[in-house]
Amino acid sequence: MTYELASSSWGEEEIRAINSVVQSGRFTMGDHVKRFEHDFSKKFGVKHALMISSGSTANLVGIAAFFYKKKRPLQRGDEVIVPSISWATTYYPLQQYGLKLKFLDVELDTLNMDVSQLEKALTPRTRMVVAVSILGNPCALDVIRSFCDKHGLYMFEDNCESMGAELGGKLCGTFGDIGTFSTFFSHHISTMEGGVLVTNDTELYHLARSMRAHGWTRDIPPDSSIYEKRGDDFYEAYRFILPGYNARPLELSGAVGVEQLKKLDGMVAMRRRNAHAFTTLFKDDKRFIIQRENGKSSWFSFTVILNPEYRVDRNRIMNAMKQADIGFRIITGGNFLRHDVIKHFDYQCVGEIINANIAHDRGFFVGNHPRDIGPQIRHFHEVLVKAVD
Ligand SMILES: Cc1ncc(COP(=O)(O)O)c(C=O)c1O
């Protein structure tokens, strides 16, 4: 393909790291995972980082942890405010834990939650806002944080698409009471499958840590506030305290993560250089709505929405891209409300959902990569302009 959606970000270091794990014979959650967690917490300036099997299980374990807090736990039937564009597994744990979702529309230019609607969504049952920065572009995390603080709500930050992005000099993923990251292939760093949960709240950290591995106490320090250690070592070795999961990461992923993290800044810088090439070509052409950067995006990909005012047919554009061998896809998962699975949710829309539908029907994205793709971007631009003219 002349312009791929994604490509590997690995070099020899990652292969060597894998080989060393294979030779060690220990494959699951050991020293490499610990080292990755240590390096991640330092890099992101957070107290705790927990590596998990995926971004989706980081969301699952993270939401679950709020249900077992000693003070003010989440409860079934509580309301949570969410954006209408995100990945399906942002929403699934909310449904699985019996929360009611209040959907807000997105802004057409940033593609993030329209925070001007937050007050309208607030009711006495509101307990949490889920903030998602779409495709590297920080959402209004500062506004959402203040809103949550003002109303005593939890803020859950699904940052699975935006590692390395910043708002006001603060790294995305660190605004929420819990923040999550994905290290799946094509993301800013890749550990094959993988995810990370970060928090400065030690109780939430211990709850998530226990939830990650069977809901037992083995990985929890004996002085943790989430359980009281008893004297009997025989029973203590297999003591279950929470209805948890097995979402443990592999040592292979941990070892690769250590190497990838060292390269993160350089790879994000490269993505930003590509973004400069992309925005320079597209920014003044009103036929295309491209993502408006809020803060400093880490540019997962490049979105294009065909401006409804110009009536350009998306199928024509998609055919031209297919013929030119350019990879493209729907923006994240499109408007989540348009998927069949929504019938299983307890939810309500706050105001009209207009922009998420426009992005769903008239949008797509092409890939960004941690290497120079200037020629591919220029080719894409030529193909698009020709197809529209
Ligand atoms: C916003 C968001 N949340 C969660 C996930 C899930 O991450 P994973 O694929 O690692 O399970 C993704 C995946 O890309 C995502 O985009």
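The values are calculated or read from the model by the stated rules, or taken from the named source; none is laboratory data. Computed from a predicted model, the values in this text were never measured in an experiment. For neighbour counting, all protein chains shown are included, and Cβ atoms are generated from backbone atoms with ideal geometry for every residue, glycine included. SASA here: full protein model, heavy atoms, side chains in, ligands and nucleic acids out. Shrake-Rupley method; radii C 1.70, N 1.55, O 1.52, S 1.80 Å.
Cβ-Cβ contacts under 7 Å between residues 6 or more apart (or on different chains), taken from a first residue in the stretch 68-79 that is at negative phi to a second residue that is open to solvent by 80 Å² or more (accessible area, probe 1.4 Å), are listed as ASP78/ARG125; GLU79/ARG125.
Filtered by the rule that a residue be among the polar types (S, T, N, Q) and part of a loop (DSSP other than H, G, I, E, B), the stretch 117-161 gives THR123, SER133, ASN137, ASN159. Looking at GLY254, GLY244, GLY231, just one residue is part of a loop (DSSP other than H, G, I, E, B) and more than 14 Å from TYR68 (Cα to Cα), and that residue is GLY231. Take LYS43 and tell me if it is open to solvent by 50 Å² or more (accessible area, probe 1.4 Å), more than 17 Å from the chain's Cα centre (by Cα) and touching a residue at least 12 places away in the same chain (Cβ under 8 Å). Answer is yes for this residue. Does VAL82 satisfy the condition of being of a type outside the set (Asp, Glu), within 15 Å of the ligand (Cβ to nearest atom) and either touching a residue at least 24 places away in the same chain (Cβ under 8 Å) or over 25 Å from VAL258 (Cβ atoms) (or both)? Judged against the criteria, VAL82 is a match.
What are the residues in the stretch 163-184 that are in a loop (DSSP other than H, G, I, E, B), more than 8 Å from the ligand (Cβ to nearest atom) and either surrounded by fewer than 24 Cβ atoms within 10 Å (Cβ to Cβ) or within 9 Å of the chain's Cα centre (by Cα) (or both), if any? I'd like the intermediate steps shown before the answer.
If we filter the stretch 163-184 for residues that are in a loop (DSSP other than H, G, I, E, B), which is where we start, we get 163-165, 168-169, 172-177, 183-184.
Keeping just the survivors that are more than 8 Å from the ligand (Cβ to nearest atom) gives 163-165, 168-169, 172-177.
Correct list: MET163, GLY168, GLY169, GLY173, THR174, PHE175, ASP177.
For the stretch 96-116, filtering for residues that are assigned to a helix (DSSP H, G or I) and crowded, with 18+ Cβ neighbours inside 10 Å leaves 1. Starting from residues that are away from the ligand (no atom under 16 Å from the Cβ) and of a type in the set (Asp, Glu), keep the ones in the stretch 135-161 and report whichever is farthest from the chain's Cα centre (by Cα). If we take residues in the stretch 135-161 being away from the ligand (no atom under 16 Å from the Cβ) and of a type in the set (Asp, Glu), then ASP149 is farthest from the chain's Cα centre (by Cα). Only residues that are out of contact with any Phe, Trp or Tyr (no Cβ under 9 Å at 6 or more places or on another chain), open to solvent by less than 60 Å² (accessible area, probe 1.4 Å) and without any contact (Cβ under 8 Å) to a residue 24 or more places away in the chain were counted in the stretch 241-284, giving 1.
Looking at the stretch 296-342, which of the residues that are of a type in the set (D, E, K, R) and assigned to a loop (DSSP other than H, G, I, E, B) is nearest to LEU5 (Cα to Cα)? Selected residue: ASP325. Among the residues making up the stretch 185-218, those that are within 16 Å of the ligand (Cβ to nearest atom) and polar (S, T, N, Q) are SER186, SER190, THR191.
Condition first: open to solvent by less than 30 Å² (accessible area, probe 1.4 Å), touching a Cys at 6+ places or on another chain (Cβ under 6 Å) and within 11 Å of the ligand (Cβ to nearest atom). Can you find one or more residues in the stretch 123-134 that meet it? Before the answer, list the steps.
In the first step, residues of the stretch 123-134 are kept if they are open to solvent by less than 30 Å² (accessible area, probe 1.4 Å); the result is 126, 128-134.
Okay, now just the ones that are also touching a Cys at 6+ places or on another chain (Cβ under 6 Å), so 129, 131, 133.
The next check asks that each one be within 11 Å of the ligand (Cβ to nearest atom); those that pass are 131, 133.
Scanning the stretch 123-134 turns up at least one residue that is open to solvent by less than 30 Å² (accessible area, probe 1.4 Å), touching a Cys at 6+ places or on another chain (Cβ under 6 Å) and within 11 Å of the ligand (Cβ to nearest atom).
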